[in-house]
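A short write-up of the structure that comes next.
What follows is calculated from the coordinates using simple rules that are stated; it is not laboratory data. Please read these numbers as outputs of a predicted model, since none were measured by experiment. Note: ideal-geometry Cβ built from the backbone for every residue, glycine included; neighbour counts use all protein chains shown.
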Amino acid sequence: MAGEDNRAAELPQEPLPRSFDSLLGGNRGRKTWPEVVGMTGEEAKKQIEEESPGISVHIVPQNSFVTMDFRTNRVRVYVDSSGKVANAPKVG
């Protein structure tokens, strides 16, 4: 029982994160890129990566099935059949 008291004393005394973003260590910069609509997917990807270096950018065909998990370090760029950005990419 003395060991249990010792373990409790070793717990970190740091406050808990105040937001979901801080909990996940997410992107603190931009959340959307409406200005890239109409660009090619590759051009949009390059611009987003230059502006937000920690972001993982994925080019996805419009109406594709994707996972529903929300990730603060990911941006999906949905492109139409001609390879142009169809709607404003956003973090998630």
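At a glance:
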read-out	value
Options Asn87, Met39, Met68, ranked by Cα towards positive dipole end of segment 26-91, top entry (Cβ charges)	Met68
Long-range HN-HN contacts of Arg74 with modeled amide H, under 5 Å	Ser56, Gly92
Full-extension gain in nm, Ser81 to Ser64, via 0.36 nm per residue minus C-alpha separation	5.0 nm
Size of charge dipole - segment 26-91 - debye, nearest 20, with Cβ of Lys, Arg +1 and Asp, Glu -1, no other charges	260
Cut-off 15 Å between beta-carbons: net charge of the residues surrounding Ser82, Lys and Arg +1, Asp and Glu -1	-2
Under Karplus coefficients 6.51, -1.76 and 1.60, residue-wise ³J(HN,Hα) of segment 76-92 in Hz, glycine/proline x	9, 9, 8, 10, 7, 5, 8, x, 8, 5, 8, 8, 4, x, 9, 5, x
